[in-house]
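The structure appears below as structure tokens.
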């Protein structure tokens, strides 16, 4: 997932939209607009477009409810949720910790498909309530129930509710596929975890099934495209996403197993390069960023840490102003979560460094800077450990 923007919060959980979401929203709105023109003969294009956009918004509202239920169960079991992001292939709730037991993993996973099934049922009831099953001479109920394949609807309300029932049903069934990162993969992992007591082995199995599912979808997508169906391209993209996400899920588990229980002091760089707040931004670039592997540096004056500065801050200063702009003017102040003891668990360090605001962690010995930990230093440590282990 790439960058995005916040749209508010629900139940205290921040909601974000990834920029990739805009792509699928536009595509889905276009497809639905075409379907409304077919299902509601005589409908003007602007009206069909409004109906398509409205239905797409309601569908992503359904996805948001699906993810909110994951988050509600997680918080009820004591797991912090940092937010929910809607992106190109749906949505994801960001948990700050992994479930501590297979039972909690199962509960958190199963609530998603159950929510989508329930939403499909609600929209189907609404479809009946607005006259979706009303019969006319020469037509049967199946003509209306499956208007998605060419039938006609009595009204825009009937069309919208039936589309939403169908899409939520598809979402529920697809999410039950037994492969990470889908809910079905988490259910499979929970079952294997309960039977074996080995979370890493369970993750490995669920990851392999997720990768196999990805390959199957890619293959089906290619065959469909070669047969003249442009929808095969979308199917292949979903397969690529599942393949990548499954691999990332396992890598995260490997990182967690390697870092949990390791004190962050064992990963810290002790030869800390600090800069003066009076140094120009251009001097930072020439003498530090271009000469050393680090991309963030503490700003220190008279032995006191004032903040941190790095590539992100440099990029905010126009090139022609860097020679006259002091580092102290653009540095980031040090937050309370960025000063940590040597004994902090390294996996907790990963969690803190996973936020956009935190670029590094500082280890302090009373008032003296004793070490620094960055995302890059954590990744290098893990990479080196994996090479040493063969």
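Would you be able to say whether some residue in the range 8-17 is more than 20 Å from residue 68 (Cβ to Cβ) and surrounded by 12 or more Cβ atoms within 10 Å (Cβ to Cβ)?
No, the range 8-17 contains no residue that is more than 20 Å from residue 68 (Cβ to Cβ) and surrounded by 12 or more Cβ atoms within 10 Å (Cβ to Cβ).
When you check residue 232 against the structure, is it free of Cβ contacts under 8 Å to residues at least 60 places away in the same chain, assigned to a helix (DSSP H, G or I), touching a helix residue (DSSP H, G or I) at 6+ places or on another chain (Cβ under 8 Å) and surrounded by 17 or more Cβ atoms within 10 Å (Cβ to Cβ), yes or no?
yes
Can you list residue pairs whose Cβ atoms sit under 8 Å apart, with the first residue in the range 311-325 being closer than 16 Å to residue 295 by Cβ and the second being in a loop (DSSP other than H, G, I, E, B)? Count only pairs 6 or more apart in sequence or on different chains.
Close Cβ pairs (under 8 Å, with a partner that is in a loop (DSSP other than H, G, I, E, B)) amount to 311/295; 312/359; 313/331; 314/322; 317/325.
Take the range 193-210 and flag every residue that is surrounded by fewer than 19 Cβ atoms within 10 Å (Cβ to Cβ) and free of Cβ contacts under 8 Å to residues at least 60 places away in the same chain. It would help to see each step written out before you state the result.
From the range 193-210, those surrounded by fewer than 19 Cβ atoms within 10 Å (Cβ to Cβ) are 194-198, 200-201, 204, 208; that's our starting set.
Hits for the range 193-210 are 195, 196, 197, 198, 200, 201, 204, 208.
Could you please find all residues in the range 66-91 being touching a helix residue (DSSP H, G or I) at 6+ places or on another chain (Cβ under 7 Å) and touching a residue at least 40 places away in the same chain (Cβ under 8 Å)?
Across the range 66-91, the qualifying residues are 66, 69, 70, 81, 84, 86, 87, 88, 89, 90.
For residue 51, indicate whether it is surrounded by 21 or more Cβ atoms within 10 Å (Cβ to Cβ), in contact with a helix residue (DSSP H, G or I) (Cβ under 8 Å, 6 or more places away or on another chain) and outside any helix (DSSP H, G or I).
So residue 51 fails the test.
How many residues does the range 307-322 contain that are touching a helix residue (DSSP H, G or I) at 6+ places or on another chain (Cβ under 7 Å) and either closer than 10 Å to residue 276 by Cα or loosely packed, with under 13 Cβ neighbours inside 10 Å (or both)?
Within the range 307-322, residues that are touching a helix residue (DSSP H, G or I) at 6+ places or on another chain (Cβ under 7 Å) and either closer than 10 Å to residue 276 by Cα or loosely packed, with under 13 Cβ neighbours inside 10 Å (or both) number 1.
Quick test of your reading of the structure: residue 252 fulfils all but one of (1) outside the structural domain of residue 376 (by TED's automatic domain parsing); (2) farther than 30 Å from residue 99 by Cβ. Name the failing condition by number.
Among (1) outside the structural domain of residue 376 (by TED's automatic domain parsing); (2) farther than 30 Å from residue 99 by Cβ, residue 252 violates only (2).
If you go through the range 326-342 one residue at a time, do you hit one that is surrounded by fewer than 18 Cβ atoms within 10 Å (Cβ to Cβ) and more than 28 Å from residue 280 (Cα to Cα)?
Yes, some residue in the range 326-342 is surrounded by fewer than 18 Cβ atoms within 10 Å (Cβ to Cβ) and more than 28 Å from residue 280 (Cα to Cα).
In the range 269-281, is there at least one residue being under 30 Å from residue 315 (Cβ atoms), in a helix (DSSP H, G or I), over 22 Å from the mean Cα position of the chain (by Cα) and not assigned by TED's automatic domain parsing to the domain that holds residue 87?
yes
If I go through the range 269-282 residue by residue, how many of them are at pLDDT 85 or above and within 20 Å of residue 341 (Cβ to Cβ)?
Number of matching residues: 1.
Looking only at the range 287-306, count every residue that is more than 20 Å from residue 375 (Cβ to Cβ), out of contact with any helix residue (DSSP H, G or I) (no Cβ under 8 Å at 6 or more places or on another chain) and crowded, with 16+ Cβ neighbours inside 10 Å and tell me the total.
Adding up the residues that qualify gives 1.
Is it the case that residue 174 is closer than 18 Å to residue 32 by Cα, outside any loop (DSSP other than H, G, I, E, B) and at pLDDT 80 or above?
No, not satisfied.
Looking at this structure, is residue 39 loosely packed, with under 15 Cβ neighbours inside 10 Å and more than 23 Å from residue 10 (Cβ to Cβ)?
Details: loosely packed, with under 15 Cβ neighbours inside 10 Å: no; more than 23 Å from residue 10 (Cβ to Cβ): yes.
No.
Return yes when residue 205 is outside the structural domain of residue 31 (by TED's automatic domain parsing) and under 24 Å from residue 257 (Cβ atoms) and no when it is not.
Numbers: outside the structural domain of residue 31 (by TED's automatic domain parsing): yes; under 24 Å from residue 257 (Cβ atoms): yes.
Criteria met by residue 205.
Any idea which of (1) on the phi < 0 side of the Ramachandran plot; (2) not in a helix (DSSP H, G or I) is the one residue 65 doesn't satisfy?
Residue 65 satisfies all of (1) on the phi < 0 side of the Ramachandran plot; (2) not in a helix (DSSP H, G or I) except (2).
Just wondering, is there one or more residues in the range 248-262 that are surrounded by fewer than 17 Cβ atoms within 10 Å (Cβ to Cβ), more than 23 Å from the chain's Cα centre (by Cα) and more than 16 Å from residue 377 (Cα to Cα)?
yes
The values are calculated or read from the model by the stated rules, or taken from the named source; none is laboratory data. Just so we're clear, the structure is a prediction, and the values are computed from it rather than from any experiment. Using ideal geometry, Cβ is built from the backbone for each residue, glycine included, and neighbour counts are taken over all protein chains shown.
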